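Here is the structure we will look at, set down as structure tokens.
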There are 2 protein chains.
Amino acid sequence: MIGPTTSILASQRCAPAPALQRVIPFRELKPHCASCGMRDLCLPAGLGSDEMRQLDQIVSNHVHVKRRDSLFRSGDPFTSLYAIRLGTFKSLLLTQDGREQVMGYHMGGEIVGIDAIGNHHHAGDVIALEDSEVCVLPFAKLDQLAREVPSLHNNLLRFISRNVCHGHEMMLLLGSLRAEERLAVFLLDLADRYRTRGYSSHEFVLRMSREEIASYLGMKLETVSRLFSHLQAEGLLQVQGRTIKLLDSSGLGRLIGQRC
Amino acid sequence: MIGPTTSILASQRCAPAPALQRVIPFRELKPHCASCGMRDLCLPAGLGSDEMRQLDQIVSNHVHVKRRDSLFRSGDPFTSLYAIRLGTFKSLLLTQDGREQVMGYHMGGEIVGIDAIGNHHHAGDVIALEDSEVCVLPFAKLDQLAREVPSLHNNLLRFISRNVCHGHEMMLLLGSLRAEERLAVFLLDLADRYRTRGYSSHEFVLRMSREEIASYLGMKLETVSRLFSHLQAEGLLQVQGRTIKLLDSSGLGRLIGQRC
DNA sequence: CGACTAGTTGAGGCCAGTCAATGTTGGTGG
DNA sequence: CCACCAACATTGACTGGCCTCAACTAGTCG
């Protein structure tokens with residue numbers, strides 16, 4: 001279970017920053033969409049340079065989020081979406097008996113907070129799995145700008161729809177795949193997202209624990225651990241703690257077969 | 001498994017209607033939002049009468065969909081959302097090996113097709129579980145009108161967000177509840193939706209088969225059947241084929257406990 | 001160095017899946 | 001209207017995949 005963490009944004013809003021928390025001075029980072037490595041994956045994808053500047057102007061803030069800190073918590077008022085510049089996040093829902101269920105992992109170029117669109121409050125938490133960096137997009141302004149900039153509007157819709165579809169894919173995964181197949185889907189999905197971002201898709205370091213993987217895939221951490229060992233014994237991959245080498249991606253793919 | 005069915009809308013678009021298919025003449029039904037029983041649950045909720053009339057004008061068509069017919073199929077081009085006036089639908093994804101996974105059940109006042117927003121094609125099928133009736137909302141026009149009518153815009157966002165949240169809730173259900181708990185959640189959710197629509201929440205007729213329930217809840221039809229029998233033996237409900245009487249809703253709720 | 005967290009591995013049990021037989025329901029055509 | 005058939009549903013016996021509980025290792029941090 002995750003220990004108590006502080007919400008950087010909440011603490012900026014309502015309380016003096018704790019002594020240990022380094023708040024990056026605003027001038028230190030004033031990056032622009034045009035120079036951002038995530039440009040083509042993120043909201044500005046396909047926008048003209050004028051439109052990108054408009055988008056820049058509504059980005060209210062660039063925030064560094066330290067590992068284990070949250071972007072927002074369940075119940076926090078919904079004001080903004082967050083575009084990830086750097087790092088990795090998990091989003092989760094808390095059950096009433098205190099367990100957490102991981103709903104997704106999010107990396108550079110992705111938008112989090114979308115599930116709260118149309119509500120006044122966030123339903124779950126979003127927590128950094130490593131030191132990360134996000135752009136804060138005040139939703140009211142973003143929404144207004146999207147009315148004026150059709151390609152931004154389309155991008156926004158695409159991100160929203162991706163969110164819905166991800167839910168559907170996870171239902172398929174959780175509802176009809178066996179544990180080994182789920183893990184294979186998870187690894188291949190990660191590999192694909194790393195490739196898209198210019199990283200190696202054959203070798204990467206997991207940002208999440210066995211327990212977090214298990215939660216996301218609807219199983220227990222021991223099962224994840226056993227499956228890693230088993231897939232390694234089969235020669236499909238190599239596991240060294242959180243470092244994963246995919247030795248045979250197509251073999252992993254065959255595990256899933258036509259079932260997905 | 002569902003047999004071959006015809007897509008009413010597709011056949012209207014691309015092929016002459018089959019002889020047996022009764023196409024309701026347009027003038028037979030020209031209902032308006034203002035007089036629709038689903039008004040307060042659906043997109044026009046909270047709109048002024050002027051705004052409702054504008055919404056009426058973009059509703060391109062009112063369509064009767066017979067049991068087993070589809071509103072759209074996987075791969076169909078995305079042009080419209082559909083507001084359910086009457087009846088029940090299931091939405092599903094087909095796996096590559098031909099199995100179907102039910103993603104949701106939809107009834108009066110709900111909007112289907114949202115997952116294709118931002119894509120050009122639908123990813124899954126939506127099929128009527130009983131003779132039903134929908135309003136066709138051409139998305140381009142709806143989107144345009146939403147820019148001009150803030151409350152419509154908000155409603156649209158709320159429906160979209162509900163879609164995302166439903167996915168999350170299902171992940172929670174599939175990832176962390178046992179079969180009996182899942183069925184309890186399902187029944188209580190149905191009961192709640194019937195209550196919202198003015199029907200009895202204690203006694204209702206399921207529109208879906210055991211297999212469809214099982215698919216939705218990530219289990220096998222035999223398990224669903226056994227659980228119905230078991231819950232009946234416990235005195236929590238009474239099952240007679242597809243007719244369900246909830247004898248002890250709070251008992252069902254206690255089954256789930258704090259786990260959701 | 002000890003306390004703690006993360007991960008691995010084993011033994012055993014149980015929940016839900018599989019396979020199979022039987023009962024029930026509802027639609028269709030004679 | 002009834003008989004028939006196919007689809008739907010129930011129930012039982014058995015199996016197996018994953019969970020539970022537990023012991024142990026490795027790495028980390030004060």
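The values are calculated or read from the model by the stated rules, or taken from the named source; none is laboratory data. Bear in mind the structure is a predicted one, so any value in this text is a computation, not a measurement. Positions of Cβ are backbone-derived with ideal geometry, glycine not excepted, and every protein chain shown enters the neighbour counts.
Of all residues in the stretch A:149-166, at least one satisfies being over 30 Å from B:GLY218 (Cα atoms), more than 10 Å from every other protein chain (Cβ to nearest Cβ) and polar (S, T, N, Q). Of the residues making up the stretch B:226-242, just one is in contact with an Asp or Glu (Cβ under 7 Å, 6 or more places away or on another chain) and within 11 Å of DNA strand C (Cβ to nearest atom), namely B:LEU227.
Somewhere in the stretch A:89-107, is a residue touching a Cys at 6+ places or on another chain (Cβ under 8 Å) and more than 28 Å from B:LYS90 (Cα to Cα)? The answer is yes; a qualifying residue exists.
Residues in the stretch A:206-224 that are near DNA strand D (Cβ under 10 Å from one of its atoms), free of Cβ contacts under 8 Å to residues at least 24 places away in the same chain and either in contact with a Ser or Thr (Cβ under 9 Å, 6 or more places away or on another chain) or polar (S, T, N, Q) (or both): A:ALA214, A:LEU221. Does B:THR196 fit the bill of being away from DNA strand D (no atom under 16 Å from the Cβ) and hydroxyl-bearing (Ser, Thr, Tyr)? So B:THR196 passes the test. Within the stretch B:172-205, being over 14 Å from A:LEU174 (Cβ atoms), in contact (Cβ under 8 Å) with a residue 12 or more places away in the chain and of a type in the set (S, T, N, Q) holds for B:THR196, B:SER201. Tell me, which residue of the stretch A:173-213 that is under 30 Å from B:GLU100 (Cβ atoms) and of a type in the set (Lys, Arg) is surrounded by the most Cβ atoms within 10 Å (Cβ to Cβ)? The residue in question is A:ARG182. The residues on offer are B:LEU246, B:LEU227, B:LEU237, and the sole one that is crowded, with 17+ Cβ neighbours inside 10 Å, more than 13 Å from DNA strand D (Cβ to nearest atom) and over 18 Å from the mean Cα position of the chain (by Cα) is B:LEU246. Taking (1) farther than 29 Å from A:ASN155 by Cα; (2) in the same structural domain as B:LEU41 (by TED's automatic domain parsing) in turn, B:VAL136 satisfies each apart from (1). Count of the stretch B:202-225 residues, restricted to those that are of a type in the set (Lys, Arg) and within 8 Å of DNA strand C (Cβ to nearest atom), is 1. Annotation: A:GLN258 fulfils all but one of (1) more than 12 Å from DNA strand C (Cβ to nearest atom); (2) closer than 24 Å to A:GLY87 by Cα; the unmet one is (2).
Of all residues in the stretch A:61-83, those satisfying the criterion of being surrounded by fewer than 20 Cβ atoms within 10 Å (Cβ to Cβ) and small (Gly, Ala, Ser) are A:SER74, A:GLY75. Selection of the stretch A:105-116 for residues being within 11 Å of chain B (Cβ to nearest Cβ) and either at pLDDT 95 or above or surrounded by fewer than 22 Cβ atoms within 10 Å (Cβ to Cβ) (or both) yields A:GLY113, A:ILE114, A:ALA116. When each of A:GLY235, A:GLY251 is tested for being free of Cβ contacts under 8 Å to residues at least 60 places away in the same chain, on the phi > 0 side of the Ramachandran plot and more than 14 Å from chain B (Cβ to nearest Cβ), the lone residue that passes is A:GLY235. For the stretch A:108-122, the criterion of a residue being part of a strand (DSSP E or B) and in contact with a helix residue (DSSP H, G or I) (Cβ under 9 Å, 6 or more places away or on another chain) is satisfied by at least one position. Taking residues in the stretch A:150-171 that are charged (D, E, K, R), and partners anywhere that are surrounded by fewer than 19 Cβ atoms within 10 Å (Cβ to Cβ), the pairs with Cβ atoms closer than 8 Å and at least 6 places apart or on different chains are A:ARG158/B:ASN119.
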